[in-house]
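The values are calculated or read from the model by the stated rules, or taken from the named source; none is laboratory data. Computed from a predicted structure; not experimentally measured. Counting neighbours? That spans all protein chains shown, and the Cβs are built from the backbone with ideal geometry, glycine included.
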Amino acid sequence: MRTSRIKINYYGLLIILSLLIYSCGQSKNWLEKDKKGFVSGCMKANQGRASEEQANLLCNCMLNKIMKKNITNAEIKKMKQEEVKKIALSCISSEQKKMKKSE
(Lines give C-alpha, C1' and ligand atoms only; values in the text may rest on other atoms or scores of the structure.)
Protein backbone atom coordinates (compact mmCIF):
# COMPACT_ATOMS: atom_id res chain seq x y z
CA MET A 1 0.00 0.00 0.00
CA ARG A 2 2.83 2.38 0.78
CA THR A 3 4.29 1.90 -2.72
CA SER A 4 0.97 2.71 -4.41
CA ARG A 5 0.60 5.82 -2.26
CA ILE A 6 4.07 6.97 -3.31
CA LYS A 7 3.17 6.34 -6.96
CA ILE A 8 0.03 8.42 -6.63
CA ASN A 9 1.90 11.25 -4.95
CA TYR A 10 4.64 11.22 -7.57
CA TYR A 11 2.18 11.09 -10.45
CA GLY A 12 0.50 14.16 -9.02
CA LEU A 13 3.92 15.77 -8.95
CA LEU A 14 4.50 14.80 -12.58
CA ILE A 15 1.44 16.70 -13.69
CA ILE A 16 2.71 19.94 -12.29
CA LEU A 17 6.29 19.43 -13.47
CA SER A 18 5.24 20.71 -16.86
CA LEU A 19 4.84 24.11 -15.20
CA LEU A 20 8.37 23.83 -13.93
CA ILE A 21 9.72 23.34 -17.43
CA TYR A 22 8.48 26.77 -18.43
CA SER A 23 9.76 28.47 -15.30
CA CYS A 24 13.43 27.50 -15.78
CA GLY A 25 15.97 30.13 -16.74
CA GLN A 26 17.82 30.46 -20.04
CA SER A 27 21.32 29.84 -18.73
CA LYS A 28 23.49 27.55 -20.86
CA ASN A 29 25.45 26.26 -17.86
CA TRP A 30 24.34 24.65 -14.65
CA LEU A 31 25.50 27.23 -12.17
CA GLU A 32 24.81 26.58 -8.52
CA LYS A 33 21.99 29.14 -8.60
CA ASP A 34 20.44 27.29 -11.58
CA LYS A 35 20.55 24.00 -9.71
CA LYS A 36 18.98 25.58 -6.65
CA GLY A 37 16.39 27.27 -8.87
CA PHE A 38 15.47 23.99 -10.53
CA VAL A 39 15.04 22.16 -7.24
CA SER A 40 13.22 25.10 -5.66
CA GLY A 41 10.82 25.40 -8.60
CA CYS A 42 10.23 21.66 -8.58
CA MET A 43 9.54 21.71 -4.83
CA LYS A 44 7.09 24.61 -5.21
CA ALA A 45 5.35 22.79 -8.05
CA ASN A 46 4.78 19.85 -5.69
CA GLN A 47 2.18 21.92 -3.79
CA GLY A 48 1.93 19.32 -1.03
CA ARG A 49 1.07 16.39 -3.30
CA ALA A 50 4.05 14.45 -1.98
CA SER A 51 5.87 14.85 1.28
CA GLU A 52 8.64 17.40 1.27
CA GLU A 53 11.18 14.59 1.61
CA GLN A 54 9.74 12.65 -1.34
CA ALA A 55 9.54 15.75 -3.53
CA ASN A 56 13.12 16.72 -2.62
CA LEU A 57 14.38 13.24 -3.54
CA LEU A 58 12.52 13.31 -6.85
CA CYS A 59 13.60 16.84 -7.76
CA ASN A 60 17.26 16.19 -6.98
CA CYS A 61 17.21 12.87 -8.80
CA MET A 62 15.71 14.55 -11.86
CA LEU A 63 18.29 17.32 -11.75
CA ASN A 64 21.14 14.80 -11.56
CA LYS A 65 19.77 12.77 -14.47
CA ILE A 66 19.25 15.90 -16.56
CA MET A 67 22.79 17.09 -15.90
CA LYS A 68 24.22 13.62 -16.68
CA LYS A 69 22.46 13.74 -20.04
CA ASN A 70 24.20 17.08 -20.68
CA ILE A 71 20.88 18.86 -20.97
CA THR A 72 21.39 22.54 -20.33
CA ASN A 73 19.10 24.65 -18.23
CA ALA A 74 17.91 26.42 -21.40
CA GLU A 75 17.14 23.12 -23.14
CA ILE A 76 14.76 22.04 -20.41
CA LYS A 77 12.19 24.50 -21.74
CA LYS A 78 12.31 22.71 -25.10
CA MET A 79 11.84 19.23 -23.66
CA LYS A 80 8.59 17.46 -24.33
CA GLN A 81 6.48 16.52 -21.35
CA GLU A 82 7.00 12.83 -22.20
CA GLU A 83 10.77 13.27 -21.85
CA VAL A 84 10.41 14.90 -18.45
CA LYS A 85 7.96 12.20 -17.39
CA LYS A 86 10.41 9.48 -18.46
CA ILE A 87 13.14 11.02 -16.28
CA ALA A 88 10.76 11.39 -13.35
CA LEU A 89 9.55 7.80 -13.68
CA SER A 90 13.12 6.51 -13.69
CA CYS A 91 13.70 8.41 -10.45
CA ILE A 92 10.52 6.99 -8.93
CA SER A 93 11.61 3.49 -9.92
CA SER A 94 15.03 4.04 -8.35
CA GLU A 95 13.48 5.26 -5.10
CA GLN A 96 11.09 2.32 -4.94
CA LYS A 97 13.98 -0.11 -5.36
CA LYS A 98 15.84 1.61 -2.52
CA MET A 99 12.74 1.39 -0.31
CA LYS A 100 12.33 -2.34 -0.98
CA LYS A 101 15.95 -2.96 -0.04
CA SER A 102 15.50 -1.13 3.25
CA GLU A 103 12.33 -3.03 4.23
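For S4, are the conditions met, namely being of a type in the set (S, T, Y), modelled with pLDDT of 85 or more and either buried (at least 18 other Cβ atoms within 10 Å of the Cβ) or not in a loop (DSSP other than H, G, I, E, B) (or both)? No. A Cβ distance below 8 Å, combined with a sequence gap of six or more or placement on separate chains, defines the contacts here; from the range 76-103, residues that are more than 15 Å from N64 (Cα to Cα) reach residues that are among the aromatic types (F, W, Y) and loosely packed, with under 14 Cβ neighbours inside 10 Å in the pairs K77/Y22. Looking across K86, K78, one residue alone is loosely packed, with under 14 Cβ neighbours inside 10 Å and at pLDDT 90 or above. It is K86.
Taking N64, is it under 10 Å from the mean Cα position of the chain (by Cα) and surrounded by fewer than 16 Cβ atoms within 10 Å (Cβ to Cβ)? Spelling it out, N64 is indeed under 10 Å from the mean Cα position of the chain (by Cα) and surrounded by fewer than 16 Cβ atoms within 10 Å (Cβ to Cβ).
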